[in-house]
Each structure stands twice: as C-alpha cells, then as structure tokens.
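Asks: Structure provided below as structure tokens; questions to follow.
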Amino acid sequence: MSDSRVIIIGGGLAGLAAAVALSSRDVPVTLLESRPRLGGRASSIIDQETGQTIDNCQHVAMGCCTNFLHFCETIGCSDLLERQRELYFIGPPSESGPSPCVTFRGANLPAPLHLASSLAAMPWLSWSDKLKLGFALRSLARLPESAPDEPFATWLQRHRQSPAVCEHFWHTVLVSALSETLDRISLKHARKVFVDGFLLNRTGWEVTVPRVPLTTIYDEHLTSWFREHQTDVRLKAGVKKLIETNGVISGVELRSGETLAGTNFILAVPQNLVAGIVPESLAQHDHVRRLEQIQTAPIASAHLWFDRSLTDLPHAVLLGRLSQWAFNRGVTDQGHYLQVVISAAFELSTRPEADIVEQVSRELQAIWPKARDAKLLHGRVITEHRAVFSPLPGIDDLRPPQQSPIANLQWAGDWTLTGWPATMEGAVRSGYLAAENVLRRMGRAEQVLQSNLPVETLAGWLYRQA
Ligand SMILES: Cc1cc2nc3c(=O)[nH]c(=O)nc-3n(C[C@H](O)[C@H](O)[C@H](O)COP(=O)(O)OP(=O)(O)OC[C@H]3O[C@@H](n4cnc5c(N)ncnc54)[C@H](O)[C@@H]3O)c2cc1C
C-alpha cells in the first residue's frame with residue numbers, strides 16, 4: 001500500500017463526496033467503511049415480510065442543494081432523481097368536510113414573487129396572517145449575519161405570528177427541513193431554510209426525490225463508479241484508532257488488527273464516534289470535546305402497503321397531523337406502497353409500532369375519499385433515533401471546521417461547520433471542503449465546493465441587509 005494515499009474513514013455521503021472529489025482528480029484514495037454497504041444514514045434495508053428493498057426513510061433534496069446535485073451529476077446518477085416542480089399541500093383536518101389540497105408551484109415571476117400566489121391560495125391561513133407572514137419573511141431575509149441567535153419561536157412571537165400561521169406554515173416547513181420544533185430551532189438555521197430555499201432563486205424550493213431505493217445510488221451505482229476510477233473501497237473495515245506519530249497522523253488501525261499508512265486522512269464518521277477513534281491528545285481538544293454537547297433528533301418513517309391506490313398525487317405535505325409527508329411509491333409486487341415521514345419524532349419512541357401504523361393509515365384514508373375502503377396489507381415503522389443533529393441556538397459554536405488541529409487530518413460529516421443543517425447537502429459540502437484542504441496540502445489550490453444558486457435581482461434588492 002502506497003503511503004501517498006488519502007485514507008477516508010466512513011462511507012456516508014460526506015466520505016463518499018470526498019472520495020469522489022479526490023478520485024476524479026486522480027488522487028489515490030482508500031475508503032474504509034465499517035458496514036457491509038456504502039451510504040451511511042442514506043440507506044435501504046430489505047423488508048422481511050414483503051422482500052422489498054425499502055429506504056430507512058425517504059430522502060429528498062431541494063433545488064438549493066447545489067453540491068448534492070453536483071455530486072449526483074459527477075457520479076452519473078442525476079437521471080435516478082426526479083425533480084418535483086409542484087408541491088401538494090393538504091390542509092389540516094376539518095369538521096366541515098374534506099381537507100383542501102393546494103398546489104404550490106412557482107409562478108412566472110421573479111423571486112421572491114414566484115411563490116406569492118401559492119401562499120395566497122392557502123385557505124387555512126387568514127389574510128391578516130398572510131400579510132404578517134410576508135413581513136416576517138422579509139425581516140428574516142434582511143436579518144444581519146451578526147444578529148444574535150435565539151429560539152425561532154421567540155423571534156416569531158416578536159414578529160406577531162399567530163398560532164395558526166406558526167403551526168400551518170412555519171412548523172410545517174421547518175419540521176421537515178430540520179426535524180425540530182419551533183421552540184428549539186435556531187433563528188440562523190430557520191433563516192437559512194427560508195432564504196436559500198424559497199426567497200432568493202425561483203428554483204431553490206423544488207424538491208428532488210430519488211426514483212430508486214437509496215442503496216441503488218449510494219451503494220450499487222457508486223461501487224461501480226469507484227471501480228472505474230480505481231478507488232480502493234473496503235467494506236466491513238471498521239477503524240479502531242488513528243495512529244499518531246510525532247504530532248501527525250501516520251496511519252489507521254483497523255478493528256481486524258491490520259494497519260494502513262497514509263499521508264492525509266479524512267475522518268467522516270458520525271460526531272459521537274469521533275472521540276473514540278482519534279488519538280488521546282486530540283480527544284481532549286475543544287474540537288472533539290464540544291461534539292459531546294451536540295444533541296440529536298429522531299426521524300420515523302411509516303411504510304404502508306395497501307390493496308389499492310390511495311391517491312394519484314406523487315407526494316403530499318400533510319398539515320395538522322402526525323403524518324407530515326406522504327410519498328406515493330406506486331405499485332409494487334406487494335401492493336400500493338406509500339412512505340410517510342414523521343420528523344422530530346420524539347414522542348413516538350414510547351408508542352407501539354402497530355399504534356403508529358394504525359394512526360397514519362387512518363389519517364391517509366380520511367384525506368382521500370377513494371382510499372376509505374382500502375385494506376392495509378402490511379405496515380411497519382423505522383425510527384432512526386440519531387437521524388440528524390438538533391439545530392439548537394448556538395449549535396454552530398459546537399461544529400468544527402474541516403481542518404482538524406492536526407494538519408494532515410480533516411473532519412467531514414454533516415456535523416462539521418458548513419453553514420448547512422444535517423442534510424445530504426451539508427454532508428457533501430463537508431466532504432468537498434475536506435477534499436479542498438487535502439488538495440491544498442498537495443500544492444493544488446482547486447475549488448471543489450460548488451456555488452450557491454444565483455440571487456435574483458429583485459430578491460437581492462428587496463433583501464439587502466439593513
Ligand atoms: C431517517 C432520516 C431521514 C433523513 N432525511 C433526509 C432528507 O430528506 N434530506 C436530506 O438532505 N437529509 C436527510 N437526512 C440526513 C442525511 O441522511 C445525513 O445528513 C447524511 O446522510 C449524513 O452523512 P454523513 O456522511 O455525514 O454521515 P453518515 O451517513 O452517518 O456516515 C458515516 C459513516 O461512517 C461509518 N463509520 C462509523 N464508524 C466507523 C468506523 N469506526 N470505521 C469506518 N466507518 C465507520 C458509518 O457506518 C457510516 O457509513 C436524513 C437522515 C435520516 C437518518
């Protein structure tokens with residue numbers, strides 16, 4: 001094994017993005033992943049009852065996820081993603097009849113006016129709420145970078161947002177983007193979602209959904225890509241320890257006892273595992289000690305197979321219910337398959353699975369009349385307890401930059417400082433930034449990180465910071 005190799009530890013999106021960035025620039029890479037497959041938290045399993053490959057949870061990206069989309073393009077799998085240019089919002093349950101469905105689409109107007117007519121069409125918000133919402137969005141976009149962080153609920157209260165608009169607009173968007181409740185979400189992270197996603201560019205909000213199970217992209221497809229690029233990928237190769245010699249990392253010790261030497265290292269494991277892998281001297285450094293304070297939030301997904309189709313919609317955003325997003329995955333050999341996502345699923349940990357399946361299927365059947373007589377053939381819930389880090393106020397003070405205190409060691413992972421929440425975009429950005437640092441150490445000053453979507457002229461003028 002040549003010691004000029006870059007050794008990347010962790011085959012989630014952060015490690016994969018770093019490996020792709022370096023391999024495509026002819027840098028020799030060894031990628032070590034402890035599990036028998038690539039993809040990390042973006043993965044699939046085989047459901048024992050149906051034999052079908054299902055995702056641990058539907059993963060979606062937005063149009064503003066420029067690095068994630070670039071990553072998919074680089075590995076040649078953009079055609080495995082489908083861009084949804086309409087979002088279907090189902091209003092909260094109502095005593096007086098079926099919940100209205102509003103189609104959210106971009107009008108042919110410059111940002112931020114492109115979404116005004118869709119917001120105006122939401123009958124569950126009063127005109128006074130919509131007006132105050134417009135002012136609050138403007139204030140949010142104009143918030144100076146130096147504004148102190150605080151819980152977003154406090155900021156909303158100060159901006160006179162009613163309980164209805166908090167629940168049926170702010171909460172709806174943020175809980176699915178950040179998997180936390182409004183009282184715990186950082187103002188800075190809330191701002192990021194709305195500004196980048198909805199206000200600055202007409203395409204920022206468009207949602208991209210994979211057409212295939214996650215494992216097809218991040219494991220099977222990437223494995224072929226790595227083979228073509230002579231990247232050395234080792235599965236079931238858990239790293240026990242980084243080896244330090246004279247103040248630099250000189251190699252890794254695998255759980256099998258094997259050691260590998262290298263000159264540059266990228267540690268791309270989840271934040272709670274970092275302290276156990278780094279040398280003792282580094283474990284005491286602030287970069288690592290602060291990671292202990294990062295809290296996490298669970299995301300649950302209910303997987304349901306019915307004997308008939310419930311809806312022709314490809315997806316639906318569901319307001320005022322336990323179910324938050326429903327994704328229609330179409331007909332399979334086992335029935336009509338729907339995936340329902342429940343973010344910030346804190347209270348589900350104590351509820352029996354059958355109870356959750358029952359409530360979710362009841363909610364879906366109440367929305368769509370043709371679903372009333374549908375029979376549930378099979379249902380299950382998958383909960384990822386440490387799905388994402390909680391974007392609490394001050395969270396970014398706990399996230400280290402990609403350059404670790406040891407010159408030849410980079411951190412990568414959605415938990416590193418990227419300006420993004422825990423998302424595939426955040427993970428890919430971290431991998432790209434770590435790769436940039438490695439290239440710079442090799443004397444190659446190359447930009448790997450992709451630009452944000454351009455700020456449209458009207459949005460730039462309206463939202464110039466005070
Ligand atoms: C249920 C759920 C739903 C989500 N939904 C979305 C969504 O809709 N959109 C979105 O953008 N994001 C979503 N996310 C977040 C997204 O999946 C993560 O932000 C991203 O995948 C994190 O990638 P990562 O590489 O930073 O970490 P991980 O994916 O955790 O990768 C770390 C890797 O390191 C490996 N590893 C650990 N220890 C060792 C060791 N000692 N040696 C070698 N390897 C090791 C692990 O096995 C793993 O493969 C969701 C996450 C979950 C769990």
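The values are calculated or read from the model by the stated rules, or taken from the named source; none is laboratory data. None of the values given here were measured: they were computed from a predicted structure. Cβ placement follows ideal geometry from the backbone for every residue including glycine, while neighbour counts extend to all protein chains displayed.
Asks: Residue by residue through region 433-451, note down the ones that are assigned to a loop (DSSP other than H, G, I, E, B), free of Cβ contacts under 8 Å to residues at least 40 places away in the same chain and within 16 Å of the ligand (Cβ to nearest atom).
Replies: Kept after step one, since they are assigned to a loop (DSSP other than H, G, I, E, B), are these residues of region 433-451: 442-451.
Next, from what is left, pick out any that are free of Cβ contacts under 8 Å to residues at least 40 places away in the same chain: 443, 445, 447.
Within region 433-451, no residue meets the criteria.
Asks: Let me ask something additional. Filter region 223-242 for residues that are within 16 Å of the ligand (Cβ to nearest atom), of a type outside the set (A, V, I, L, M) and assigned to a loop (DSSP other than H, G, I, E, B); which is surrounded by the fewest Cβ atoms within 10 Å (Cβ to Cβ)?
Replies: Per the criteria, the residue is Lys236.
Asks: Would you check if there is a residue in region 317-338 being surrounded by 16 or more Cβ atoms within 10 Å (Cβ to Cβ), in contact (Cβ under 8 Å) with a residue 60 or more places away in the chain and in contact with a His (Cβ under 6 Å, 6 or more places away or on another chain)?
Replies: Scanning region 317-338, I find at least one residue that is surrounded by 16 or more Cβ atoms within 10 Å (Cβ to Cβ), in contact (Cβ under 8 Å) with a residue 60 or more places away in the chain and in contact with a His (Cβ under 6 Å, 6 or more places away or on another chain), so the answer is yes.
Asks: Inspect region 8-24 for any residue being at pLDDT below 95, farther than 30 Å from Ala164 by Cβ, away from the ligand (no atom under 16 Å from the Cβ) and crowded, with 18+ Cβ neighbours inside 10 Å and give the result as yes or no.
Replies: No; the residues of region 8-24 include none that is at pLDDT below 95, farther than 30 Å from Ala164 by Cβ, away from the ligand (no atom under 16 Å from the Cβ) and crowded, with 18+ Cβ neighbours inside 10 Å.
Asks: Could you tell me which of the residues Asp397, Asp414 is in contact with a Gly (Cβ under 9 Å, 6 or more places away or on another chain) and of a type in the set (Asp, Glu)?
Replies: The unique qualifying residue is Asp414.
Asks: Here's a follow-up. Determine which single condition Arg35 fails, assuming it passes every other condition in (1) on the phi < 0 side of the Ramachandran plot; (2) surrounded by fewer than 17 Cβ atoms within 10 Å (Cβ to Cβ); (3) in contact (Cβ under 8 Å) with a residue 60 or more places away in the chain; (4) away from the ligand (no atom under 13 Å from the Cβ).
Replies: Among (1) on the phi < 0 side of the Ramachandran plot; (2) surrounded by fewer than 17 Cβ atoms within 10 Å (Cβ to Cβ); (3) in contact (Cβ under 8 Å) with a residue 60 or more places away in the chain; (4) away from the ligand (no atom under 13 Å from the Cβ), Arg35 violates only (4).
Asks: Which numbered condition trips up Phe89, out of (1) of a type in the set (A, V, I, L, M, F, W, C); (2) in contact with a Phe, Trp or Tyr (Cβ under 8 Å, 6 or more places away or on another chain); (3) more than 30 Å from Val331 (Cβ to Cβ)?
Replies: That leaves (3) as the condition not met.
Asks: If you check Arg386, Arg399, Arg362, Arg351, which single one turns out to be surrounded by fewer than 17 Cβ atoms within 10 Å (Cβ to Cβ) and under 30 Å from Leu267 (Cα atoms)?
Replies: Testing whether each residue is surrounded by fewer than 17 Cβ atoms within 10 Å (Cβ to Cβ) and under 30 Å from Leu267 (Cα atoms) leaves just Arg386.
Asks: Closer than 30 Å to Val102 by Cβ and basic (Lys, Arg), is that true of Arg85? Show your work before the answer.
Replies: Numbers: closer than 30 Å to Val102 by Cβ: yes; basic (Lys, Arg): yes.
Taking the combined requirement at face value, the residue satisfies it.
Asks: Which strands (runs of 3 or more DSSP E) sit wholly inside region 321-432 and have at least 1 residues that are in contact with a Ser or Thr (Cβ under 9 Å, 6 or more places away or on another chain), of a type in the set (Asp, Glu) and more than 15 Å from the ligand (Cβ to nearest atom)?
Replies: Fully inside region 321-432 and qualifying: nothing.
Asks: If you don't mind, there's one more thing I want to ask. Between Thr172, Thr181, which is in a loop (DSSP other than H, G, I, E, B), among the polar types (S, T, N, Q) and touching a residue at least 60 places away in the same chain (Cβ under 8 Å)?
Replies: The unique qualifying residue is Thr181.
Asks: Also, quick follow-up: Restricting attention to region 104-149, report how many residues are farther than 19 Å from Pro92 by Cβ and touching a strand residue (DSSP E or B) at 6+ places or on another chain (Cβ under 8 Å).
Replies: Residues that pass the stated criteria total 3.
Asks: When you scan region 48-61, do you find a residue that is surrounded by 15 or more Cβ atoms within 10 Å (Cβ to Cβ), in contact (Cβ under 8 Å) with a residue 12 or more places away in the chain and under 18 Å from Gly431 (Cα atoms), even just one?
Replies: Checked against the condition, which is being surrounded by 15 or more Cβ atoms within 10 Å (Cβ to Cβ), in contact (Cβ under 8 Å) with a residue 12 or more places away in the chain and under 18 Å from Gly431 (Cα atoms), region 48-61 yields at least one hit.
Asks: While we're looking at this one, here's another question. Can you pull out the residues in region 355-385 that are in contact with a Gly (Cβ under 8 Å, 6 or more places away or on another chain) and among the aliphatic types (A, V, I, L, M)?
Replies: Result: Val357, Val360, Leu377.
Asks: Could you pull out the residue among Leu458, Leu392 that is of a type outside the set (Ser, Thr, Tyr) and out of contact with any Pro (no Cβ under 6 Å at 6 or more places or on another chain)?
Replies: Just a single option satisfies the conditions, and that option is Leu392.
Asks: Out of curiosity, is Pro314 closer than 18 Å to Asp355 by Cβ, within 16 Å of the ligand (Cβ to nearest atom) and of a type outside the set (Ser, Thr, Tyr)?
Replies: no
Asks: If you scan region 64-116, which residues turn out to be β-branched (Val, Ile, Thr) and more than 28 Å from Gly419 (Cα to Cα)?
Replies: Selection gives Ile90, Val102, Thr103.
Asks: Please enumerate the residues belonging to region 123-158 that are surrounded by fewer than 19 Cβ atoms within 10 Å (Cβ to Cβ) and in a loop (DSSP other than H, G, I, E, B).
Replies: Scanning region 123-158 gives Pro123, Ser126, Leu143, Pro144, Glu145, Ser146, Ala147, Pro148, Asp149, Glu150.
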